[in-house]
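Worksheet: the structure to be examined is printed underneath.
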Amino acid sequence: SPLHPLLVSLPKCEHHLHLEGCLTPDLLFALSAQNQIPLPSPSTDPAFASPATLAARYTVFTSLDDFLHYYYIGFRVLVTPADFEALAWSYFLHAHTNANVRHAEVFFDPQAHTSRAIPLSTVIAGFSAAAARAQTELGMSSILIPCLLRHLPVADSAATYSALVAGDYFASGVLGGLGLCSSELAQPPQLWAPIFADANARGIRRTVHAGEEGPPAYVAAALDHLAAMRIDHGVRAAEDTELLARLAADGVMLSLCPVSNAALRVTRSVADAPVRALLAHGVKFSVNSDDPAYFGAWIQDVYCAVQDAFALTADEWAGIARVAVQGSWCGEERKGEMM
Ligand code: HPA
Ligand code: ZN
């Protein structure tokens, strides 16, 4: 499309990006060697023969859980604060340089680190050092959002959430919100209601992965029971017209990831993303990359893929960019700078 150069340089806000999803096969193998953490043997999974074979395996994910299997193996090689800082810095630098991302709200999964005896303080020190450097050196603002993991018992989420509160990470502003992610189908949102009610009472912002593999009812449950202020993915909300009307009336933004959805077979292709339905119903959405190192597409590639599928006008893109700024969780002053 002739709009590609404009889409690459368009100032962007990213709202759905997992920092651990920025771990490329090259960095995975390098950190495995550096930290002497073995990867699965190629005799048990031939994908681990080399970075190239692993990247090839990433192109044929069959489901969210097939992806999550590889995603959580990747976590193993992250050990020191410097590892976490390098990973996050690689994202911030890439997003600034190649996509003109001005503001990024980024996820990480504390439980998948603490379960390997990596302290919360190690993870957060590394990520927040990279965020501070992105602000100073790139003028890029960011918000760090820990996600609780649905595939683990709720009690494990509760313990992690309590440790984050006790560590003063939310009240001090080091962390700017609370998320919920991982396998969706067998774990309805309401199981996390007590934790999210406590977060709400403390003024901690809340966002929830819902309606990716799960039904529209899980999106409604995230709003009803978790007081979610944003819905991550939410693609399947398009199946329910009443839900679309509710999202529009309440101004709830969906953080769409159309390339991720196609990669994980949530949709058949980017063209199946509910872009037209959301525009028609006045539902706010932003366009995001999710796990760029695993899906082979960074945010500028996702913008271009959406354009190839929907042939939007420059005015429609300007509207999408404006909604992304307005739906961000930065202060009004920062939004003003980005409008
Ligand atoms: N869905 C759920 N959990 C995740 C995802 C996702 O798309 N990416 C990383 N963790
Ligand atoms: Zn995600």
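Here, each number is a calculation from the coordinates, and none is a lab measurement. Please read these numbers as outputs of a predicted model, since none were measured by experiment. A quick note on method: Cβ atoms are made from the backbone with ideal geometry, for glycine too, and the neighbour counts reach across all protein chains shown.
Below, the figures for the structure above:
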| quantity | calculated |
| --- | --- |
| For region 281-330: rounded, prolate or oblate by the Cα gyration tensor [a/c cutoff 1.5] | oblate |
| Positive minus negative residues near GLU184 (Lys, Arg vs Asp, Glu; Cβ under 9 Å) | -1 |
| Computed helical MRE - 222 nm, the chain, DSSP H runs ≥ 4 contributing -39500 (n - 2.57), nearest 500 | -14500 deg cm²/dmol |
| Region 284-328-region 205-239 distance, computed between alpha-carbon centres (Å) | 19 |
| Residue-by-residue Karplus 3J(HN,Hα) for region 60-65, coefficients 6.51, -1.76, 1.60, Hz, glycine and proline x | 10, 4, 10, 6, 4, 5 |
| Segment SER115-SER162, length gained on full extension (0.36 nm per residue, minus Cα span) | 15.4 nm |
| Listed residue (ALA273, ILE195, PHE48) projecting farthest to the positive dipole end of region 17-329, Cβ model | ILE195 |
| Förster radius 35 Å - calculated FRET efficiency between SER1 and LEU191, Cβ distance, rounded to 0.05 | 0.20 |
| Residues in region 293-319 that a label on THR59 would reach, taking backbone N under 13 Å of a point 7 Å out along Cα→Cβ | 295-297 |
| Sequence-separation-based contact order of the chain, relative, with Cα cut under 8 Å and 6+ spacing, percent | 21 |
| Phi-based couplings in Hz for region 199-214 (Karplus 6.51, -1.76, 1.60; Gly and Pro marked x) | 4, 4, 4, 8, x, 8, 5, 10, 9, 9, 5, 7, x, 8, 9, x |
| Loop-located trypsin sites (Lys or Arg not before Pro) in region 76-150, at most 14 other Cβ atoms within 10 Å (DSSP) | ARG116 |
| Computed FRET value (nearest 0.05) for SER9 with ARG334, which takes r as the C-beta separation and R₀ as 22 Å | 0.65 |
| Charged-residue dipole, Cβ positions (Lys, Arg, Asp, Glu), the chain about Cα centre, Debye nearest 20 | 240 |
| Net charge contributed by nearby residues that have their C-beta within less than 13 Å of SER63 (K/R +1, D/E -1) | -4 |
| ASP232 long-range amide H proximity, modeled H, under 5 Å | VAL208, HIS209, ALA210, SER255 |
